[in-house]
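Data block below; observations after.
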Amino acid sequence: MTQASDRRGLPDTPLRFLIVDDHALVRYGLSLALRQRYEDVEIIEAGSLADAMRKARSEPGLAAILYDLQMGDSDEHSGLAEMLEAAGDVPVIVVSGVTDGNVIASCIRAGARGFVHKGCEGTVLDQALPIVLEGGIFAPAPPAVRGGTPIRIPLPASATLVRTESDAVNGLTERQREVLRLLLEGQSNKEIARALGVLEGTIKVHLRTVMQRLGVRNRTQLALATMKSGIKLSS
């Protein structure tokens, strides 16, 4: 039994994430990171693969699953395969301390939609989630991989500090610029989501990311900063 892939007809609800890790402190850290970055977020936790599979099948409306590759009650490869099967159409992002390019590549080939290293900066989640929620793949491009062919995955712009509004707007992804353009036209989150064919929660994630890049706290400040940049968002 898998969850339906199309949730666009549902009313606006909090983004729901399932965090799967057998260390309670890691689950707490990821939960805190998500709550600090996104409004209207609901966290579900699982400390074992068996519990994670049950919740993946029974919890409605999951936006994504953050999955620890090295669960105590499973093997890396078979455990991920079982988690992916239970997740159905819900995207799975592997969160692991593994740095081996072969392992990263194998996770993506198996069906994971993202790979985030546990040692990365918290801002990487701001980059990864919008990409994964819209059907893309986020993973570090592995260097020369011994004994295997590295996969090639386009990465978003690096999370460097921006010093001017112009630099910040120029550094946005194409979809983020679309969201910003529609916002400046006065459209609501719901209207933007309808125009772009995505969930309203995904628009909130995009806006949160853009606000952080521009160093603003609300839609009004965002509009002012964008206009100050002098950048033309439309072609």
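The table that follows gives values for the structure above.
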{"read-out": "Enumeration of residues in the range 107-119 that are surrounded by fewer than 18 Cβ atoms within 10 Å (Cβ to Cβ) and not basic (Lys, Arg)", "value": "110, 111, 117, 119"}
{"read-out": "Residue 187 under 26 Å from residue 64 (Cβ atoms) and modelled with pLDDT under 80", "value": "no"}
{"read-out": "Any hit, the range 80-89, residues being closer than 30 Å to residue 174 by Cβ, of a type in the set (Asp, Glu) and over 11 Å from the mean Cα position of the chain (by Cα)", "value": "yes"}
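The values are calculated or read from the model by the stated rules, or taken from the named source; none is laboratory data. The structure displayed is predicted, hence computed values, not measured ones. Neighbour counts are summed over all protein chains in view; Cβ atoms, including those assigned to glycine, are modelled from backbone coordinates with ideal geometry.
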